[in-house]
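The values are calculated or read from the model by the stated rules, or taken from the named source; none is laboratory data. Because the structure is a prediction, the values reported are computed rather than measured. Don't worry about glycine lacking a Cβ; one is built from the backbone with ideal geometry, like all the others, and counts go over all protein chains shown.
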């Protein structure tokens, strides 16, 4: 449509509003109740304009072809100014003292030249609510515009806010009107971001002084990959705000990404190298960089030369950038001479890499998260998105509220299960049975896409033969659910035109996690819902910020960058020529194998970058024994972690807020990371530490900057050939594969062909096998571990922020029926014992876990959850079974010999 705004001709698309046209013309019209992320409501009347002798609100009036809009129309301007004047008359004088750049209300007053109100009347004296560490409410500044309420409902989907009171006394409240901190608010910051008057604020933005620096970067917490602006004042982060046109988060954020940044200037940050020069019995002491580098180089070189290159194991970091992981695996292969390099994707999403590659061809999700916008049915398996990946969880809530159907497959009644059409509350470890049962429904009831299966997939006959043993009744019995529940899930997914699958660690962290990924992928293949126009495919939610990229960059014992096999002589030859070194031909050790080899005396040194393996890895007592058995341990970290306490050399590293490079998020999107802060003290990036140490060992790794490292990786890796820092800075994020400088990248994969050897998707006939560890009479309960909203992973970052006020300690979720049998009340201490260790937790009574099951996270060192977990692992990938640990429970302090009633098995539903 073409129309005119103050005699300026503009073109706008169908469905545009008058406000869209005004902004397209570059003309300023103030708004107070409008936010582009929300449904317009047109209540404030500040955006009034003239159209054909009529006064209309610009934000809700549809634009029409040939429309003539007059923003300076005298009647419209007078009416808008009057509405604003009446609004201001209710507010205290300080409402107009807020800096204009931080108050839309002040900017609106400046637009109309309104400095004092002409009306006399009462003003509120309702006070403030500063109970929350991040969200601060000044009730007297609330203009009842409803933006915060709509932001909480329409974008976050939490529905924690509402307007209470009538007329003059109307004000926003959280929950039932009690203290904000005790409300359902999840502290995403959306309400603060949207508030036009300053009624809602955050501490970092309250200071009127200007920022000294602002950097746009990618969040360093989970794998969603939110685009954030980091604002700096006095050499520290003052505030973090989401970028409104961020490609993944679209102006949204979560409590960790937006607010949990105080750790960056925590007093216990490591700022100098530490060494233990007198043996393990001596304490770590500060050292100069030269001394620490020489000590580390001598220790690693001596062990390499005396015991062979494979006597050293190296663990790279899913927290580090792509460029740092690329350099780490190059260091292992060139400076140390070993393929003993792995990263924590081994412990979470190795089954995804192997399973997705086998099914489709690439080791990543099949689609962009943007494709979720077109789905009419979402199947979520083993992913608590609203806590572990809140921005994606909020987006799915929006889709469901707009009419998308939802199937949740999870042992717990997670938040999204409350919104689900069907909740398949499977028994822990029974995913394969449930997925096979749903596949049987798809085939039996005619939902399978036979044309797709005939022309683009293999393995249907084998799968059909296997599924003869998985009628819904039998599959449901194995999964611990009612047959009709499994059938309903299959019918919902099968009837959808554009179904999507989203899954997480609840699928992969099992003794048969790869089978779980393959059998879940079967559902998408049967429906023809992958590799086709308009499809929504399969998305795997990655736990840490760069767990996808760490593997993409070749920090793996059997694969070079781009998942190129080290056993392929042609691949090795290309790397040998560029690196001027010989890449070992034999695959190296996986993480858990490194620990076993260390205890057996075959691995004599460990080099750990940015992972607290002594807290986060399974059977952590065994991990500590492995570290103690090593002759030499090197560690990079921000803080003196449990792993660092076992190290002979600890190098002070920097956080994502202080480094340059790229991350890859869960949908294969390569995004820039830019420094906002200078490193504290003498801390250095992992990239610089690896360079310094390799030089101390007499090796030049090349790649002088992160940009050079990405360029070298791109030259050696067809998947990333078109990606460079310069292009990312110019064009924005790119999905891999991106095969040349003109390739826009592939958000939706396999439209022409699957990347398998024969170009066809591969169905997998995988039987259900029981978990590696099962409950028995002595250990009758099942412990599930995972992540929560307030804290992240080991908690090393989030515990050093005010997030600790939101969750001050670890708790164990327990069903009230189990608590009653054990004589436990909410908050009582319970001792949890597995076949390996005992850990005490306060009890949190909740029916989100069924009887016989418990849940906790692993974010607090004083409750070492992973001392309980087993060494059972996926036989294909070595991924540990975090999700099923057999435990017993008893009130803390009670005689261990006392017998308690056994747990009741979850009822068959």
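Overview of results
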| item | result |
| --- | --- |
| Filter result for the condition that a residue is within 25 Å of residue 371 (Cβ to Cβ), in contact with a helix residue (DSSP H, G or I) (Cβ under 7 Å, 6 or more places away or on another chain) and not in a helix (DSSP H, G or I), over 163, 228 | 228 |
| Filter pass, residue 178 being part of a loop (DSSP other than H, G, I, E, B), out of contact with any helix residue (DSSP H, G or I) (no Cβ under 8 Å at 6 or more places or on another chain) and either over 30 Å from residue 671 (Cβ atoms) or modelled with pLDDT of 95 or more (or both) | yes |
| Residue among 516, 543 that is at pLDDT 95 or above and either within 28 Å of residue 429 (Cβ to Cβ) or in the same structural domain as residue 451 (by TED's automatic domain parsing) (or both) | 516 |
| All positions within region 806-816 that are in contact with a strand residue (DSSP E or B) (Cβ under 9 Å, 6 or more places away or on another chain) and either assigned to a loop (DSSP other than H, G, I, E, B) or closer than 20 Å to residue 220 by Cα (or both) | 809, 810, 811, 815 |
| Qualifying residue in region 748-764 (condition: within 30 Å of residue 885 (Cβ to Cβ), buried (at least 19 other Cβ atoms within 10 Å of the Cβ) and touching a residue at least 40 places away in the same chain (Cβ under 8 Å)) | yes |
| Among (1) touching a residue at least 12 places away in the same chain (Cβ under 8 Å); (2) in a loop (DSSP other than H, G, I, E, B) - the single one residue 700 does not satisfy | (1) |
| Region 138-160, residues that are in contact with a helix residue (DSSP H, G or I) (Cβ under 6 Å, 6 or more places away or on another chain) and over 26 Å from residue 389 (Cβ atoms) | 141, 143 |
| Some residue of region 103-117 being assigned by TED's automatic domain parsing to the domain that holds residue 88, closer than 28 Å to residue 390 by Cα and either in contact with a helix residue (DSSP H, G or I) (Cβ under 6 Å, 6 or more places away or on another chain) or assigned to a loop (DSSP other than H, G, I, E, B) (or both) | yes |
| Evaluation of residue 752 against (1) closer than 30 Å to residue 529 by Cα; (2) in a helix (DSSP H, G or I) (one fails), failing number | (2) |
| Members of region 482-505 that are part of a loop (DSSP other than H, G, I, E, B) and within 29 Å of the chain's Cα centre (by Cα) | 496, 497, 498, 504 |
| Out of 290, 370, sole residue that is in the same structural domain as residue 519 (by TED's automatic domain parsing) and over 16 Å from residue 520 (Cβ atoms) | 370 |
| Conditions (1) assigned to a helix (DSSP H, G or I); (2) within 22 Å of the chain's Cα centre (by Cα); number of the one not met by residue 578 | (2) |
| Given (1) in contact (Cβ under 8 Å) with a residue 60 or more places away in the chain; (2) farther than 29 Å from residue 156 by Cβ; (3) under 39 Å from the mean Cα position of the chain (by Cα), index of the condition residue 71 fails | (3) |
| Residue match in region 74-84 (condition: closer than 27 Å to residue 153 by Cβ and not in a helix (DSSP H, G or I)) | no |
| Which listed residue, of 94, 124, is over 21 Å from residue 24 (Cα atoms) and in contact with a helix residue (DSSP H, G or I) (Cβ under 6 Å, 6 or more places away or on another chain) | 124 |
| Test set (1) surrounded by fewer than 23 Cβ atoms within 10 Å (Cβ to Cβ); (2) in contact (Cβ under 8 Å) with a residue 40 or more places away in the chain; (3) more than 28 Å from residue 289 (Cβ to Cβ); (4) out of contact with any strand residue (DSSP E or B) (no Cβ under 7 Å at 6 or more places or on another chain) - residue 592 fails condition number | (4) |
| Number of the condition not met by residue 524 [criteria: (1) part of a helix (DSSP H, G or I); (2) touching a helix residue (DSSP H, G or I) at 6+ places or on another chain (Cβ under 8 Å)] | (2) |
| Filtered residue count, region 130-153, keeping only those that are outside any loop (DSSP other than H, G, I, E, B) and surrounded by 20 or more Cβ atoms within 10 Å (Cβ to Cβ) | 11 |
| Flag for residue 697 being modelled with pLDDT of 95 or more and assigned by TED's automatic domain parsing to the domain that holds residue 561 | yes |
| So residue 313, is it assigned by TED's automatic domain parsing to the domain that holds residue 683, outside any loop (DSSP other than H, G, I, E, B), touching a strand residue (DSSP E or B) at 6+ places or on another chain (Cβ under 6 Å) and surrounded by 24 or more Cβ atoms within 10 Å (Cβ to Cβ) | yes |
| Selected residue [at pLDDT 95 or above, in contact with a strand residue (DSSP E or B) (Cβ under 6 Å, 6 or more places away or on another chain) and surrounded by 21 or more Cβ atoms within 10 Å (Cβ to Cβ)] from 108, 58, 79 | 58 |
| Residues located in region 377-403, provided they are more than 14 Å from residue 158 (Cβ to Cβ), in contact (Cβ under 8 Å) with a residue 12 or more places away in the chain and out of contact with any strand residue (DSSP E or B) (no Cβ under 6 Å at 6 or more places or on another chain) | 384, 388, 389, 392, 399, 403 |
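Residue-by-condition table, conditions (1) closer than 26 Å to residue 249 by Cβ; (2) in a strand (DSSP E or B); (3) free of Cβ contacts under 8 Å to residues at least 40 places away in the same chain:
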site	(1), (2), (3)
639	no, no, no
704	no, no, yes
710	yes, no, no
715	no, no, no
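Yes/no matrix, rows are residues, columns are (1) touching a helix residue (DSSP H, G or I) at 6+ places or on another chain (Cβ under 8 Å); (2) more than 22 Å from residue 382 (Cα to Cα); (3) assigned to a loop (DSSP other than H, G, I, E, B):
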residue	(1), (2), (3)
792	yes, no, yes
804	yes, yes, no
818	no, yes, no
821	no, yes, no
836	yes, yes, yes
